Amino acid sequence: MRIGIDLGGSKIEGVVMGEDSSIHHRLRIPTPANDYPATVAAIRDLVCALERIVGREGLSIGIGTPGSISPASGLMKGCNSTCLNGRPLKQDLESALGRPIRMANDADCLALSELRDGTGQGARSVFGVIVGTGVGGGIAINGQLLAGPNAIAGEWGHNPLPWPQPRLREVPGPRCWCGRQGCIETWLSGPALAREYLAYADEDCSVEQIVQRLAQGEAAAQAVFARYEDRLARALASVINLLDPVVIVLGGGLSNVSRLYTRVPELWSAYVFSERVDTKLLPAKHGDSSGVRGAAFLHEVHA
Ligand SMILES: [Zn+2]
């Protein structure tokens, strides 16, 4: 048995996974809002609770988080949950838990989970994308996560939206929490979708409401989603041109919108540098559990 933890912006999920990759137990708690010490304590308590349930101690632990650990300083960086940035999260968790842990970016965990036994199983390369509160990417190749000297492989969410269209006022684009303007995340995150809907329909709706209206065929939701899909197609076309992954897997709240999987591949061929595009765009097989499953698999890949 091993433990996987998915540290998200609104919830922390923990599972105990068996050797056959089945989930024995699962617990979900809210993420303490903008409170670093409480977040560390919450993860420690979650691990203790899971170990109590299964009657085991000292299980190996993998944790998926936003952002990444700076290889130079060991401090967190690039987290949209900004209270984590500049903090020695891995070190603090290891002292709180009394054992070494594995940590990786949440989109890396998604890519690893889907490559291991999900929608990208057997594929040589998987680009995992999280479209939720933030937008992130991770790359799994030949059974391993791609990791570079800056620990940002796949983080295209803070590249500028490619092929920007002045008529849609995409230049210079909204200000991003990272300090730049017009990042892909400022167009493709859940809050970005809600902002676009507000601008179009003059109504403040949650992402869930917009998705529901889309399903009911509401014209405003359809128009806003049509723009969203073209932007997602452009953003993913730039990934295909650079990496040419076999499979692109979507996770995160917006990945549940099924029409993305037909519309986006129809749109991206206009931007991909190939007369034919055979890249697959698929939802995460394990849905919302992909992140936490990938975290549990972290001890199987290179540190
Ligand atoms: Zn940014």
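The values are calculated or read from the model by the stated rules, or taken from the named source; none is laboratory data. Model, not experiment: these values are computed from the prediction. Cβ coordinates were reconstructed from backbone atoms using ideal geometry, including for glycine residues, and neighbour counts include every protein chain displayed.
Does the stretch 174-185 contain at least one residue that is away from the ligand (no atom under 15 Å from the Cβ), farther than 25 Å from residue 258 by Cα and surrounded by fewer than 18 Cβ atoms within 10 Å (Cβ to Cβ)? No, the stretch 174-185 contains no residue that is away from the ligand (no atom under 15 Å from the Cβ), farther than 25 Å from residue 258 by Cα and surrounded by fewer than 18 Cβ atoms within 10 Å (Cβ to Cβ). Could you list all residues from the stretch 42-58 that are surrounded by 14 or more Cβ atoms within 10 Å (Cβ to Cβ), among the hydrophobic types (A, V, I, L, M, F, W, C) and over 14 Å from residue 96 (Cα atoms)? Matches in the stretch 42-58: 50, 54. Within the stretch 96-129, the set of residues being of a type in the set (Val, Ile, Thr) and modelled with pLDDT under 95 comprises just one member, 119. Scanning the stretch 117-164 for residues that are out of contact with any Leu (no Cβ under 9 Å at 6 or more places or on another chain), crowded, with 20+ Cβ neighbours inside 10 Å and over 30 Å from residue 207 (Cα atoms) yields one hit, 147. Would you check if there is a residue in the stretch 9-26 being over 20 Å from residue 298 (Cα atoms) and among the aliphatic types (A, V, I, L, M)? No, the conditions are met nowhere in the stretch 9-26. When residue 77 is tested against (1) basic (Lys, Arg); (2) surrounded by 15 or more Cβ atoms within 10 Å (Cβ to Cβ); (3) out of contact with any strand residue (DSSP E or B) (no Cβ under 9 Å at 6 or more places or on another chain), only condition (3) is not met.
Filtering the stretch 186-202 to residues that are over 17 Å from the mean Cα position of the chain (by Cα) and either within 16 Å of the ligand (Cβ to nearest atom) or free of Cβ contacts under 8 Å to residues at least 12 places away in the same chain (or both) leaves 195, 198, 199, 202.
Listed by position, the helices (runs of 4 or more DSSP H) enclosed by the stretch 167-231 that each have at least 2 residues that are closer than 21 Å to residue 82 by Cβ are 185-188, 190-201. Taking the stretch 59-74 as the range and being surrounded by 15 or more Cβ atoms within 10 Å (Cβ to Cβ) and free of Cβ contacts under 8 Å to residues at least 60 places away in the same chain as the test, the residues that pass are 59, 61, 65, 67.
In a residue-by-residue description of the stretch 147-157, the property of being assigned to a strand (DSSP E or B) and within 13 Å of the ligand (Cβ to nearest atom) applies to no position. Each residue in the stretch 277-292 was checked for being part of a loop (DSSP other than H, G, I, E, B) and within 23 Å of residue 240 (Cα to Cα), and 5 pass.
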